[in-house]
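Working notes for the structure below.
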Amino acid sequence: MTLPTIKALAISEEVTVAPRKRWFHHAKGRQAVLVNILLSLGAITMLVPFLWMVLTSLKSPAELAQFPPTVFPQEWMWSNYAATLDAAPFGLYFRNSLVIATTHTLITIALGAMAGYALARIYFRGREAIFLAFIAMLMIPTYTKIVPQFLLVKFMPLFGGNDILGQGGSGWLDTWWALIIPGGLSASAIFLFRQFYLSLPKDLEEAARIDGLGEFRIFAQIYTPLIKPAIATVGLLTFQESWNNFLWPLLVTTSSDLRVIQVGLAVFQQLDNTQWQYLMAGTTMATVPMVILFIFAQKYFIQGFTNAGIK
């Protein structure tokens, strides 16, 4: 085959392939635009309730009673936030929620990481059965555990006037123990930590053992620093769940000194009258910490969910 013939065939092939490449790039571009449009619609759908809450918190009672309702306040009532703080000791409620959520997060990260490491990297008899038990726990609805947990708290031996059999007193009811201990660990946290520890290479463990490191130092100094996405994910989910918890604190506490912010917001809800402007103002203030926390941890949070199912 002569050189002019080869050049002619190459040019002919380029002419044939070029339209296909252009069509592929155009189709890929259209697909990207469609995906961006759908994601934007989803983001707007998620933001609308939050924006409506903030705008409602800045309206007057008369404007809230108007029909049809207005979108933006006719008069921006920033004083609603000051009135909300004066209506109840929300500073105390905020402190209680912060203490409980922070303690739950620290306990869950510490104990959950240890349990996840043991299930992933340490072989012992019955390990798979224990892991399957944790998986089964994930299938139990949260509210079905309320009654057993309440009975355990109420009949806790040697607390709140109870005897050794848990009779005669109130146990942990209306104490910090009831608010902190039952929510200190979750099966989902152990599951996430186990998945991350399984994804790490075994060579690190073998090299550490050759250097003479014990099991706890391998866990604390070698493997755990490599699972920051898991720590951020578990920490954020635990803090969010504890911060937004309403039913359990309502059941186990009666003292105003132990009331959390979610229970405190109920002061604006009555059977015959709900003060929506104050309720929305309080809800906005209760939401801000979670938004700030997610903004700072979103990189690790998204990475954590992406890598959770590696193994």
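What's the number of the condition ILE190 fails, among (1) under 20 Å from ASN245 (Cβ atoms); (2) of a type in the set (Val, Ile, Thr); (3) over 18 Å from the mean Cα position of the chain (by Cα)? So ILE190 meets the others, but not (3). Residues in segment 191-202 include none that are of a type outside the set (Val, Ile, Thr), more than 25 Å from LEU132 (Cα to Cα) and assigned by TED's automatic domain parsing to the domain that holds ALA115. Evaluating ILE107 against the criteria (1) touching a Phe, Trp or Tyr at 6+ places or on another chain (Cβ under 9 Å); (2) part of a helix (DSSP H, G or I); (3) among the β-branched types (Val, Ile, Thr) leaves one unmet condition, (1). A residue that is in contact (Cβ under 8 Å) with a residue 60 or more places away in the chain and either in a loop (DSSP other than H, G, I, E, B) or not assigned by TED's automatic domain parsing to the domain that holds GLY282 (or both) occurs nowhere in segment 135-157.
Being surrounded by 12 or more Cβ atoms within 10 Å (Cβ to Cβ) and of a type in the set (Ser, Thr, Tyr) is a condition met by no residue of segment 22-43. Residues that are without any contact (Cβ under 8 Å) to a residue 60 or more places away in the chain and surrounded by 16 or more Cβ atoms within 10 Å (Cβ to Cβ) were ranked within segment 158-174; the one that is farthest from GLY112 (Cα to Cα) is GLY169. Screening THR238, THR254, THR284, THR233 for residues that are in contact with a His (Cβ under 6 Å, 6 or more places away or on another chain), in the same structural domain as THR102 (by TED's automatic domain parsing) and either of a type outside the set (Asp, Glu) or not in a helix (DSSP H, G or I) (or both) leaves exactly one candidate, THR238. When segment 257-284 is filtered for residues that are at pLDDT 85 or above and exposed (fewer than 14 other Cβ atoms within 10 Å of the Cβ), only ASP257 remains.
Take the residues of segment 231-256 that are among the aliphatic types (A, V, I, L, M) and buried (at least 20 other Cβ atoms within 10 Å of the Cβ): which is farthest from PRO289 (Cα to Cα)?
VAL252
Against the test of being in contact (Cβ under 8 Å) with a residue 12 or more places away in the chain, farther than 30 Å from LYS154 by Cβ and buried (at least 21 other Cβ atoms within 10 Å of the Cβ), the options LEU192, LEU198, LEU204, LEU179 yield a single qualifying residue, LEU192. Taken together, the residues in segment 39-84 that are small (Gly, Ala, Ser), over 21 Å from ALA286 (Cβ atoms) and not in a loop (DSSP other than H, G, I, E, B) amount to 4. Restricted to segment 172-220, the set of helices (runs of 4 or more DSSP H) holding at least 2 residues that are of a type in the set (Lys, Arg) comprises 202-210.
The values are calculated or read from the model by the stated rules, or taken from the named source; none is laboratory data. Values in this document were obtained by computation on a predicted structure and should not be read as measured data. Cβ coordinates were reconstructed from backbone atoms using ideal geometry, including for glycine residues, and neighbour counts include every protein chain displayed.
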